[in-house]
Amino acid sequence: MQVYHSEATKLRRARTELHDGQLMTPFECPERVDLVLARLRDSGVGPVAAPREHGLAPVLAVHDAAYVEFLSTCWDEWQAAGHGGEAIPTIWPTRTMREDRIPGHVGGKLGYYALGGDTSISPGTFEAAMASKDVALSAYEHTASSGQPSFGLCRPPGHHAASDQFGGYCFFNNAAIVAQRALDDGHARVAILDVDFHHGNGTQQIFYGRDDVLTQSIHGDPDQCFPYYLGHADEKGEGPGLGYNVNYPLPPGTDYATWRERLELALAEISDKQASLLVVSLGVDTFEGDPISSFRLKSDDFLDMGRRLASLGLPSVILMEGGYAVEEIGVNVAKVLQGFQG
Ligand code: SP5
Ligand code: ZN
């Protein structure tokens, strides 16, 4: 399978993540890319190509311009304000305050544009996010021109990024950017299937009122799991989008047998809604050994996952989302892609 990767995705190397009340080395680290690449090479999944640059236009097709501007200037403003550590929000426009005015100070803007405190902004973050969407778009272009599946080794991931919010380690929503580009190229309907452990809140929000992108997510129940405030089964889309968002929340401890039943429902929905392109938000943090998640998929389950995804017979773009630094991240990604190739 054609793979896209950019060394520039490693420009994001945050030093701190606020996790369980402590500042830790981030789970979403550049080493993830090398673990996946090494395993893809070992298992003969490839070739690996560098992306071409796509600029900001496809980003602005799904994200707010002021949000993108904020991401591009945040680190410089944070430094100019004299702060020592990385840019981490500490206050938000929550239920008891106003959200109709965007503050001028970087500390206020940070809370306005962040959906959580888990994602520090650091030098190189914006550049890496740009490279990540270039990886996604280059994968899409390969699939569009050849009909063959492709894998984009995106980093930072994208599915938590909403139209004007970052968080959950995500800045630009790579899957949404690809889906919108496909629509602009003439596809009538695109399906995004999110199999990351966490709910794809950003993807859901971006397309919630639309019927041209079917968004589905199989994930840890937000009653118990990040991002907590979105991802319930009763979120079905609104207006013309009603029926075009489907959530499959599952309890912590879920194994592959149960997970796969939801996958079958999601695949049937994609056929039913007659999508002509499949975008997979591939998180492998459903793995039993993942350090921040709580499903119980085993490595061999990822092979079956790939086979089932391929069974749709649609042109497919598979994009990297979560899955954290354990040796198996590479093994599990390789298995999905091998299963997909048959
Ligand atoms: C792309 C992606 O997978 N983003 C996930 C971001 C999750 N960040 C917050 C994680 C909080 C997890 N808390 C679990 C406690 C385990 N000790
Ligand atoms: Zn995740």
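Computed from the coordinates by the stated procedures, all read-outs in this text should not be read as laboratory data. None of the values given here were measured: they were computed from a predicted structure. Here the Cβ is made from the backbone with ideal geometry for all residues, glycine too, and neighbour counts use every protein chain on show.
Cβ-to-Cβ counts within 10 Å put 235, 69 in ascending order as 69, 235, the fewest first.
For the pair residue 41 and residue 69, label points projected 7 Å from Cα toward Cβ lie 4.3 nm apart.
Based on C-alpha pairs under 8 angstrom that are at least 6 apart in sequence, the chain has a relative contact order of 19 percent.
Against the chain, whose longest principal axis is taken from its Cα atoms, helix 125-146 shows a tilt of about 20°.
Ordering 70-79, 330-339, 153-162 by mean Cβ neighbour count within 10 Å, with the highest value first, yields 153-162, 330-339, 70-79.
Amide hydrogen proximity for residue 19: with H placed 1.01 Å from N in the peptide plane, the residues at 5 or more positions away or on another chain lying under 5 Å are 24.
Cα extents for the chain along the principal axes, largest to smallest and rounded to whole angstrom: 54, 46, 40.
Using only the alpha-carbon atoms, how far is helix 328-341 inclined from the longest principal axis of the chain? Give it as 0 to 90 degrees, nearest 10. Once rounded, one gets 40 degrees.
Per the Debye formula on identical point scatterers at the alpha carbon atoms of the stretch 112-248, with no solvent, log10 I(q)/I(0) at q = 0.09, 0.19 Å⁻¹ is -0.26, -1.13. Seen from residue 185, the other residues with C-beta closer than 14 Å to its C-beta sum to a net charge of -1, counting Lys and Arg as +1 and Asp and Glu as -1.
With a ≥ b ≥ c the root eigenvalues of the C-alpha gyration tensor of the stretch 230-342, is it rounded (a/c under 1.5), prolate (a/b larger than b/c) or oblate? Taking the square roots of the gyration eigenvalues as a ≥ b ≥ c, the stretch 230-342 is oblate. Mind running the shape call on the stretch 215-290? Use the C-alpha gyration tensor, a ≥ b ≥ c as the square roots of the eigenvalues: rounded below 1.5 for a/c, prolate if a/b tops b/c, oblate otherwise. It comes out oblate by the Cα gyration axes.
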